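Each remark here refers to the structure printed beneath this line.
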Amino acid sequence: MEEINKFGVYQKRVGRKIFYFTKSAYPGFRGFDERIEREGGEEYREVRPERSKFVAAIAKGLSQSGVKRGSTVLYLGASHGYTPSFMSDIIGKEGFMFALDFAPRVVKDLVFVCERRDNMAPMLENASHPEDYQKIVPKVDVIFQDIAQRDQLKIFLDNCDMYLKPGGFGMLALKARSVDVSKKPKDVFRDVRFQLEKRIPVVDYRELDPFEKDHAFFVVKKK
């Protein structure tokens with residue numbers, strides 16, 4: 001296994017095909033029927049970039065993310081817990097993740113994932129109201145957001161204002177069609193980047209085709 005840019009994500013080449021893995025922080029966990037490989041006494045879980053926008057961005061050449069061993073993460077839009085479970089591997093038992101979603105049905109699945117990973121806590125909350133969980137969530141090293149709503153940029157900035165530490169990283173997986181279906185995705189991406197830059201520096205940007213159609217991935221770093 002070859003680690004990619006010290007992201008905690010590993011790649012394995014088989015012919016022209018590249019497979020992506022995380023080193024399991026909780027060996028024996030089987031949450032999403034992922035393929036498991038063992039190498040050097042370690043267990044690795046395959047993560048598919050078609051299912052994880054974070055790994056899709058890495059596959060597209062992401063240069064920095066802030067997610068590392070020991071990081072504290074606020075994950076907005078955790079859904080069933082697929083990408084959060086792999087990010088949990090990366091931050092390790094020294095780190096901690098607050099995994100938030102507002103849909104009771106998916107949070108039920110998320111709870112089962114968190115019960116097997118004590119560095120994750122599920123939260124049934126609405127990210128549009130970050131003030132509602134300020135008694136639970138401290139300042140964090142990383143905010144990751146994957147929420148397909150029209151006001152996803154405002155949600156991201158409001159949470160960064162309230163919870164991101166100085167020097168911390170924010171990652172926004174943006175779905176253009178959820179912002180404005182009448183505009184070309186590249187125009188939406190340009191507008192969003194302009195709005196972000198007025199508030200917080202953008203340090204990396206990747207479009208996620210062919211893994212995720214009409215999606216872009218922004219990384220910001222708080223001063």
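Considering only DSSP states other than H, G, I, E and B, which trypsin sites (Lys or Arg not before Pro) in the stretch 22-59 qualify as loop sites with at most 15 other Cβ atoms within 10 Å?
Sites meeting the loop and neighbour criteria: ARG30, ARG35, ARG51.
Give me the percent relative contact order of the chain, please, defined on Cα pairs under 8 angstrom at least 6 residues apart.
Worked out over the chain, it gives 17 percent.
With the contact rule set at Cα under 8 Å and sequence spacing of 6 or more, what percent relative contact order holds for the stretch 2-46?
In percent, rounded to a whole number, it is 29.
Less than 15 Å from a label point 7 Å out along the Cα-to-Cβ axis of GLN149: which backbone N atoms in the stretch 90-106 qualify, by residue?
Correct set: 100-104.
Label MET162 and GLU3 with points 7 Å out from Cα along Cα→Cβ: what is the distance between them in nm?
The modelled label-to-label distance comes out at 3.4 nm.
Build a GNM of the chain with springs between Cα atoms under 10 Å: which of SER178, SER88, SER71 gets the top mean-square fluctuation?
SER178
Restrict the search to the stretch 71-165; then list the GluC sites (Glu not before Pro) that DSSP places in a loop and that have at most 15 other Cβ atoms within 10 Å of their Cβ.
Of the GluC sites (Glu not before Pro), the ones in loops of the stretch 71-165 whose Cβ has at most 15 other Cβ atoms within 10 Å are GLU94.
Taking a threshold of 21 Å on the Cα-Cα distance, which of the pairs LYS186/LYS213; LYS165/LYS213; LYS23/LYS221; LYS53/LYS221; LYS60/LYS186 fall above it?
LYS165/LYS213; LYS23/LYS221, as the Cα separations exceed 21 Å there.
Given the options LYS175, LYS165, LYS135, state which has the largest fluctuation in a GNM of the chain using a 10 Å cut-off (strictly under) for Cα springs.
LYS135
Which percent, nearest 5, of DSSP beta bridges in the chain are antiparallel?
60
Using the Karplus curve 6.51 cos²θ - 1.76 cosθ + 1.60 with θ = phi - 60°, what ³J(HN,Hα) values do you get for each residue of the stretch 116-128, in whole Hz, with x for Gly and Pro?
Calculated HN-Hα couplings, in order: 9, 9, 7, 9, 10, 10, x, 9, 8, 9, 9, 5, 6 Hz.
By its C-alpha gyration tensor, with a ≥ b ≥ c as the square roots of the eigenvalues, how is the stretch 119-213 shaped: rounded for a/c under 1.5, else prolate for a/b larger than b/c, else oblate?
In terms of gyration-tensor shape, prolate.
Taken together, the values in this text are just the output of simple stated rules run on the coordinates, not laboratory data. Everything quoted here is computed from the prediction, not taken from an experiment. A quick note on method: Cβ atoms are made from the backbone with ideal geometry, for glycine too, and the neighbour counts reach across all protein chains shown.
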